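A.B. asks: Here's a structure for you.
Derivation of every value follows stated rules applied to the coordinates shown; laboratory data play no part. Source: prediction; values computed, not measured. For neighbour counting, all protein chains shown are included, and Cβ atoms are generated from backbone atoms with ideal geometry for every residue, glycine included.
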Amino acid sequence: MTKINVARLVKPGQPLECGTADMPAPGPKDVRVRVAACGLVPNTYNIVNGRTPFILQDLPAVFGLDVSGTIDAVGENVLHLKVGDRVYVDPFLTCETCHHCRRGRRDLCAYHCLRGYCAWSPEAVPLLNSYPLGGMSEYILSPHNKVALLPDSIDFLTAARFGYIGTTFGALAKGGFGPGQTLLINGITGTLGVAAVAIALGMGASRILGTGRNRELLAKVRQMAPERVDVKSAEDGDVVSWVQSQTAGYGVDVLYDCLGVGGDTESTNKLITAVKDGGKAVLVAGGAVGDVGRPYFEHLMHDVQIMGSQWFTDIDLERMIAMIASGAIDMSYLNHRQFSLSEVNDAINFIGNRPGGFTNVVVIPGQFGQLASL
């Protein structure tokens, strides 16, 4: 049996262990992907170190979320996809048969989980265990309907970030964001926040406002489009009054709240009041602490919709890829930081220091541990 190199999570709080596993064989409706790059985001550090409430698959297990690579084998019942196709592998797994899946809301599937990463309920663990190889592996298996074709103009390193870029794209789409609208981003300097700036610019935003704490990164965010982007440190006074002053007193069309793990929802509640009457607030900060809401009468009078968004739909992913490929969404802001599989723990510690949303941390599981940008 051919062996492949992998990195396993044995126990939360301990370093990942590098080793080998058997080369997986695709099932009838699976594809096998030779992994070019596996993306890491800041929450990776929290999960590996047991600092989140999420449920892990049975351990030890090969860890790793977002993957880009090349199909190297297909199951006998796979149509359309073929060996040699360049793909992004969507790790969001669903049962396809529950009430929510059947009505087209796979994001609400009772059994949804992220392959190689975590689940939200004990009932989802069997599905999580059914694809035991995460992205820290030379090869992985995926259901054939969970891969998206990549045009040659999108490099593997950028595609390995698609889980979080897609999370932002899906959230803005769900919030109905579009040309000529104004956007407020809470947590603008992070992985999700910087992506929101690039995506909203591509969607035709007239104005993007954002708040965060890292002044150096705030300045860098503003330089993405100085004529359309403005920022304010959360430590520099009343952000709500600032937003009102920037929007002729009306407030923004959409609030995108993407605080990091451990963020305090006090700022979220304040910024919801900066949304214009009839606007929307989209919440994606799964690790934020506290309650969100407004008094009954304020809901009645201002009609601000508060909604959550966990991931992205297949349609969102296809549209996002098309917009990136065409240049409508400019991903050149990403600074790729590559690590070999043997350096996986260095990569996790690096991302744990929260380098900000401009840095794309990727592990290259292949033999050489370095990948050209295309």
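A.B. asks: Starting from the amide H of Cys113, placed 1.01 Å from N in the peptide plane, find each other amide H under 5 Å away whose residue is 5 or more places distant or on another chain.
C.D. replies: Amide H neighbours of Cys113: Leu93.
A.B. asks: Additional query: Under the definition of Cα pairs under 8 Å and six or more residues apart, what whole-number percent is the relative contact order of the stretch 225-374?
C.D. replies: Reported as a whole number, the value is 16 percent.
A.B. asks: Right, another one. Counting pairs of alpha carbon atoms under 8 Å apart in space and at least six apart in sequence, what relative contact order in percent does the chain give?
C.D. replies: 19
A.B. asks: Moving to a separate point now. Which semi-axis lengths, in whole Å and largest first, follow from the square roots of five times the eigenvalues of the Cα gyration tensor of the stretch 168-308?
C.D. replies: Taking √(5λ) for each Cα gyration eigenvalue gives 20, 17, 15 Å.
A.B. asks: Please arrange Met320, Met1 by counting, for each residue, the other beta carbons lying within 10 Å of its beta carbon, fewest first.
C.D. replies: Taking fewest neighbouring Cβ atoms as first place, the list is Met1, Met320.
A.B. asks: Using only Cα atoms, locate the centre of the stretch 37-98 and the centre of the stretch 182-222, then give the distance between them in Å, rounded to an integer.
C.D. replies: Rounded to whole Å, the Cα centres lie 27 Å apart.
A.B. asks: Based on other C-beta atoms within 10 Å, arrange Leu209, Leu217 from fewest to most.
C.D. replies: Leu217, Leu209
A.B. asks: If you don't mind, another one. Using the count of nearby Cβ atoms within 10 Å as a rough guide to exposure, how do Arg115, Arg161 rank from fewest to most?
C.D. replies: Arg161, Arg115
A.B. asks: Any idea how far apart Val83 and Glu96 come out in nm if each label point goes 7 Å out from Cα toward Cβ?
C.D. replies: 2.4
A.B. asks: Tell me, what ³J(HN,Hα) does each residue in the stretch 78-90 have, in order and in whole Hz, if you take phi through Karplus 6.51 cos²θ - 1.76 cosθ + 1.60 with θ = phi - 60° and put x for Gly and Pro?
C.D. replies: 7, 10, 6, 6, 8, 4, x, 5, 7, 9, 9, 9, 6
A.B. asks: Each residue of the stretch 100-116 in turn: what ³J(HN,Hα) in whole Hz from Karplus with 6.51, -1.76, 1.60 and θ = phi - 60°, glycine and Pro shown as x?
C.D. replies: Calculated HN-Hα couplings, in order: 6, 4, 5, 9, x, 10, 4, 5, 9, 3, 5, 10, 5, 7, 10, 3, x Hz.
A.B. asks: Find the relative contact order for the stretch 168-308 and round it to a whole percent, using C-alpha pairs within less than 8 Å whose residues are 6+ positions apart.
C.D. replies: Relative contact order of the stretch 168-308: 23 percent.
A.B. asks: Could you pull out every residue, at least 5 positions away or on a different chain, whose amide H is within less than 5 Å of the one on Ala73? Hs are placed 1.01 Å off N in the peptide plane, and Pro or chain starts have none.
C.D. replies: Arg32
A.B. asks: For Ala234 and Ser326, compute 0.36 nm times the residue count separating them, minus their Cα-Cα distance, and round to one decimal in nm.
C.D. replies: Computed gain between Ala234 and Ser326 is 29.6 nm.
A.B. asks: Treat every Asp and Glu Cβ in the chain as -1 and every Lys and Arg Cβ as +1, leave all other atoms uncharged, and give the resulting dipole magnitude about the Cα centre to the nearest 20 debye.
C.D. replies: Result for the chain is approximately 100 debye, rounded to the nearest 20.
A.B. asks: Moving on to the next point. Nearest 500 deg cm²/dmol is fine: what mean residue ellipticity at 222 nm does the chain get from its DSSP H runs of n ≥ 4 alone, each adding -39,500 (n - 2.57), divided by its residue count?
C.D. replies: After summing the helix terms and dividing by the residues of the chain, the value is -7000 deg cm²/dmol.
A.B. asks: Moving on to the next point. Give the range of the longest stretch in the chain that excludes all GluC sites (Glu not before Pro) found in loop regions by DSSP and having at most 13 other beta-carbon atoms within 10 Å.
C.D. replies: 236-374
A.B. asks: Now for a different question. Return the long-range amide H neighbours of Ala36 (sequence gap of 5 or more, or a different chain), with a cut-off of under 5 Å between placed amide H atoms.
C.D. replies: For Ala36, the qualifying residues are Ser68, Gly69, Thr70.
A.B. asks: Relative to a virtual label point 7 Å from the Cα of Met23 in the Cα→beta-carbon direction, which members of the stretch 42-82 show backbone nitrogen distances below 11 Å?
C.D. replies: 73
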